[in-house]
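What follows is calculated from the coordinates using simple rules that are stated; it is not laboratory data. Bear in mind the structure is a predicted one, so any value in this text is a computation, not a measurement. Using ideal geometry, Cβ is built from the backbone for each residue, glycine included, and neighbour counts are taken over all protein chains shown.
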Amino acid sequence: MARLLKLLDPTISAYFDRRFPSSAHSSDAQKRIEFDEALRTSTTVYIGNLAFTTSDFQLYELFSKAGDIKRLIMGLDANKRTPCGFCFVSYFTRKDAESAVKYINGSMMDGRSIRVDHDWGFVEGRQFGRGKTGGQVRDEHRTDFDQGRGGYGTLMWQEIEARQLNAVGQDDLEAAYGQREVHVGYPNKATAARKQQRRDNDAYPAQRNPRARDDDDD
């Protein structure tokens, strides 16, 4: 239904922000009504599908073509405080916000088709990613490789790293530590070295030096 309304009225977003500050004790239906009304009057737009490398200067240059910008807020990873692929742009007038959605949505920037949609309005805290690892939720669960957004998704990277650790064999561990004994029960390199020395002594017993003299020789 939301998508149908979006086609009938471009000012309505198919996306509903569950953190929208609706009236207290509002029903889900009432929250949606208040949310849609905020979208119809807001002067803020949301920009998504950005490359992590896209700068605020690039965005300002592009979106200023739709009108005078009041404020531009870059979306940041909540932990790293680095750009994570979205931003908000607030205009002085509703007309300019509508122009941005109408004319800039789908534009190419840094090789990506960016998404521009009406937003209910920026409040402090919304600039941070909502994913468990700090970025956007979509980038945590993404399984495809996206060069512009950090490669694989966060969870996929964790799975890849786990597989790499499991794939490390005995030979790789030996190469890393230099002694086989370290990985078969001996606690450290010094112990392994002493053990190896004893084996060498057993295999090659000490030979008498023909130049040496006994104590009773004069």
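Kirkwood hydrodynamic radius, region 58-100, all distinct C-alpha pairs: what's the number in Å?
Values: mean 1/r = 0.0905 Å⁻¹.
Every distinct Cα pair counted, the radius reaches 11.0 Å.
Using alpha carbons only, what's the Rg to Rh ratio of region 72-156 with Rh from Kirkwood? Present the calculation step by step, with values, prior to reporting the outcome.
Numbers: Rg = 14.0 Å, Rh = 14.0 Å.
Using only Cα positions, Rg/Rh for region 72-156 is 1.00.
In this model, which of K95/K132; K70/K102; K80/K102; K65/K132 are farther than 28 Å apart at the alpha-carbon?
On the way: K95/K132 36 Å; K70/K102 19 Å; K80/K102 33 Å; K65/K132 35 Å.
Beyond 28 Å between Cα atoms: K95/K132; K80/K102; K65/K132.
Multiply the residue separation of L165 and E37 by 0.36 nm, subtract the distance between their alpha-carbon atoms, and state the gained length in nm to one decimal. Display every interim value, and only then the final one.
Working: separation 128, 0.36 × 128 = 46.08 nm, distance 5.17 nm.
Fully extending the segment from L165 to E37 adds 40.9 nm.
So between R71 and S26, what do we pick up on full extension, going 0.36 nm a residue minus the alpha carbon distance? Mind dumping the intermediate values first?
Details: separation 45, 0.36 × 45 = 16.20 nm, distance 3.06 nm.
Gain on extension, R71 to S26, equals 13.1 nm.
Which loop-located chymotrypsin sites (Phe, Trp or Tyr not before Pro) does region 48-92 contain, where loop means any DSSP state but H, G, I, E or B and the Cβ has at most 11 other Cβ atoms within 10 Å? Mind dumping the intermediate values first?
Numbers: sites: F52, F57, Y60, F63, F86, F88, Y91, F92; in loops: F52, F92.
Passing sites in region 48-92 do not exist.
Between R19 and Q58, how high is the FRET efficiency from 1/(1 + (r/R0)^6) when r is the Cβ-Cβ distance and R₀ = 25 Å? Nearest 0.05. Before the final figure, lay out each step's value.
Details: r = 28 Å, r/R0 = 1.11.
Computed FRET efficiency for R19 and Q58 comes out at 0.35.
Show me, for region 36-46, the HN-Hα J-couplings you get by feeding each phi into the Karplus relation (A = 6.51, B = -1.76, C = 1.60, θ = phi - 60°), rounded to Hz, glycine and proline as x.
Result, rounded to whole Hz: 5, 5, 5, 5, 6, 10, 5, 9, 10, 10, 9.
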